[in-house]
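Working notes, structure below.
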Protein chains: 2
Amino acid sequence: MLTVREATAAVEWYAVNLGAREVARAASPTGQLVVELEVGGHAIAIVDENPSALNLSPTALGGTSVRLSLVVADPDSLAERLLRAGAREVFPVADQPYGMRQGRVEDPFGHHWLIGRRITRG
Amino acid sequence: MLTVREATAAVEWYAVNLGAREVARAASPTGQLVVELEVGGHAIAIVDENPSALNLSPTALGGTSVRLSLVVADPDSLAERLLRAGAREVFPVADQPYGMRQGRVEDPFGHHWLIGRRITRG
């Protein structure tokens with residue numbers, strides 16, 4: 001579950017740019033919007049922040065302790081698309097010594113995504 | 001990928017208390033320990049913090065923007081076990097209006113876990 005400052009905007013951004021599919025939408029017991037998404041086969045929920053319940057956005061904390069890894073066919077194109085849509089580059093997509101072609105971006109809501117594919121060796 | 005202040009201790013704690021299975025262990029290109037785990041069928045990596053690469057622990061940030069959800073047969077027992085092992089209760093395991101029996105704990109490294117099962121309706 002990813003806490004954000006503006007769940008409605010985040011869900012829209014993830015749908016348009018990451019191909020997220022909305023599975024369910026509800027209010028939490030304390031009234032925040034909770035939207036369940038499917039992103040690349042993973043179940044991810046987006047929730048509006050609520051500091052009194054310790055649900056703090058990266059905007060509030062000034063960073064995040066979690067990176068989400070997406071494995072896709074063409075990481076270069078996806079990273080470019082995310083940057084054009086307002087994400088910030090943490091490191092560019094490149095061949096990495098750990099056997100992946102991978103980059104990292106921070107989305108406009110402060111969450112961090114590794115975008116990569118495994119490198120096929122000849 | 002979960003950033004922590006002490007990856008070695010965190011990996012041990014997750015193995016003992018969450019049944020995490022170590023899949024691989026390596027150093028990142030910048031020298032931090034990266035340990036890939038399998039926890040309840042999910043692939044999770046634990047990484048030592050490195051502020052210069054924006055990899056900050058919840059300890060450094062003073063919180064987290066992500067909750068990880070584990071669905072288990074007996075959430076009451078697992079939550080009790082985690083609390084005995086040094087986790088802190090955010091809210092106790094109880095029947096929730098969204099159709100789960102669920103609680104939430106913060107582990108000793110600052111990451112947040114929802115521990116629950118779906119409620120079977122009669």
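The values are calculated or read from the model by the stated rules, or taken from the named source; none is laboratory data. The structure displayed is predicted, hence computed values, not measured ones. Cβ: placed from backbone, ideal geometry, glycine included. Neighbour counts: every protein chain shown. With ligands, DNA and RNA removed, areas are computed over all heavy atoms of the protein, side chains included. Shrake-Rupley method; radii C 1.70, N 1.55, O 1.52, S 1.80 Å.
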Within region B:14-27, the residues that are crowded, with 21+ Cβ neighbours inside 10 Å and not hydroxyl-bearing (Ser, Thr, Tyr) are B:LEU18, B:ALA20
Out of everything in region B:55-81 that is open to solvent by less than 40 Å² (accessible area, probe 1.4 Å) and more than 19 Å from B:ARG5 (Cβ to Cβ), what residue ends up being nearest to the other protein chains (Cβ to nearest Cβ)?
B:ARG67
Only one of these is at pLDDT 95 or above and either in contact with a Leu (Cβ under 9 Å, 6 or more places away or on another chain) or closer than 29 Å to A:ALA60 by Cβ (or both): B:VAL16, B:VAL93. Name it.
B:VAL93
Working carefully through the options B:ALA73, B:ALA24, find the one that is out of contact with any Lys or Arg (no Cβ under 6 Å at 6 or more places or on another chain), farther than 30 Å from A:SER52 by Cβ and assigned to a strand (DSSP E or B).
B:ALA24
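Does B:ARG5 fit the bill of being open to solvent by less than 30 Å² (accessible area, probe 1.4 Å), within 12 Å of another protein chain (Cβ to nearest Cβ) and of a type outside the set (Asp, Glu)?
no
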Qualifying position, being touching a Ser or Thr at 6+ places or on another chain (Cβ under 7 Å) and of a type in the set (Ser, Thr, Tyr), among B:THR59, B:THR3, B:THR8
B:THR3
Going through region B:33-51 in order, the residues found to be within 12 Å of chain A (Cβ to nearest Cβ) and farther than 15 Å from A:VAL66 by Cα are B:GLY41
So which pairs qualify, if the first residue must be in region A:88-100 and in a loop (DSSP other than H, G, I, E, B), the second must be open to solvent by 40 Å² or more (accessible area, probe 1.4 Å), the Cβ gap must be under 9 Å, and the two must be at least 6 apart or on different chains?
A:GLN96/A:ILE119; A:GLN96/B:PRO29; A:PRO97/B:PRO29; A:TYR98/B:ALA26; A:TYR98/B:PRO29; A:GLY99/A:ARG118; A:GLY99/A:ILE119; A:GLY99/A:ARG121
Looking for something closer than 17 Å to B:ILE115 by Cα, touching a residue at least 12 places away in the same chain (Cβ under 8 Å) and more than 12 Å from the chain's Cα centre (by Cα) - is there at least one such residue anywhere in region B:58-71?
yes
Which of the residues that make up region A:100-122 are at the interface with chain B (Cβ under 9 Å from one of its Cβ atoms) and closer than 15 Å to A:ASP74 by Cα?
A:ARG104, A:LEU114
